[in-house]
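What follows draws every value from the coordinates through simple rules; no lab data is involved. Small disclaimer: the values here were computed from a predicted structure and weren't measured. All Cβ positions, glycine included, derive from the backbone under ideal geometry; neighbour counts span all protein chains shown.
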Amino acid sequence: MVEQATSFSDRIESARGRLDDEIGRVQKQIRTRRKQFEKQLTSGRKNLEKQLTSGRKNLEKQTRKQVKELRKNSMVQEIERIGGEANRQIEGVFERVLSVLQIASKTDVDRIDRKLTKLNKRLKDMERSRKGNGQRPASAAGN
């Protein structure tokens with residue numbers, strides 16, 4: 001009876017050992033396949049990125065070529081000319097409306113801004129020269 005128990009336990013130990021070996025082998029196969037899959041995925045991603053970049057460049061090149069061809073077309077040139085003329089007329093009407101309403105246009109504001117910048121620079125230069133001559137700045141003289 002003891003001999004049967006020992007034989008049975010030996011068989012269980014042997015089966016367990018084979019099972020552990022089999023599990024290890026399967027785990028190794030899984031790791032190997034996972035690495036292969038990751039390499040294929042990375043390679044596929046790089047190829048897709050190259051194809052997308054190439055396709056985008058080709059599309060941009062074709063678009064530039066088509067725009068260039070369209071601009072040679074007399075009808076397109078006429079449309080662009082009419083569009084530019086319409087923009088100028090709209091800007092003129094807008095300027096007149098702003099002037100009637102006594103509102104400064106963007107060009108007026110830009111012109112005033114340039115003049116203020118010049119005046120500011122001149123004022124700073126004058127203050128620096130006064131400080132260099134030992135005179136008090138105008139703002140301090142009034143206090």
Ordered by residue, what ³J(HN,Hα) values in Hz, to whole numbers, does the range 18-28 give under the Karplus form 6.51 cos²θ - 1.76 cosθ + 1.60, where θ = phi - 60° and Gly and Pro are x?
-> 5, 5, 4, 4, 5, 4, x, 5, 5, 4, 5
With a ≥ b ≥ c the root eigenvalues of the C-alpha gyration tensor of the range 1-63, is it rounded (a/c under 1.5), prolate (a/b larger than b/c) or oblate?
-> prolate
Which of the following values of mean projected area of the Cα convex hull in nm² was calculated from the structure shown: [x] 21.0; [y] 8.3; [z] 31.1?
-> [z]
Filtered hits (lysines, Cα-Cα < 18 Å from Lys106, offset >= 8 within chain) -> Lys115
Across 10 Å bins beginning at 0, the whole-percent shares of Cα-Cα pair distances in the range 29-79 come to 22, 23, 18, 14, 11, 8, 4, 0
Is it possible to state the helix-based mean residue ellipticity at 222 nm for the chain, with each DSSP H run of 4+ residues giving -39500 (n - 2.57), the sum divided by total residues, to the nearest 500 deg cm²/dmol? What is it?
-> -33000 deg cm²/dmol
Toward the positive end of the charge dipole of the chain, about the Cα centre and with charges on Cβ (Lys, Arg +1; Asp, Glu -1), which of Asn133, Val93, Thr107 goes farthest?
-> Asn133
Around Gly24, with a cut-off of 14 angstrom between Cβ atoms, what is the net charge of the other residues, counting Lys and Arg +1 and Asp and Glu -1?
-> +2
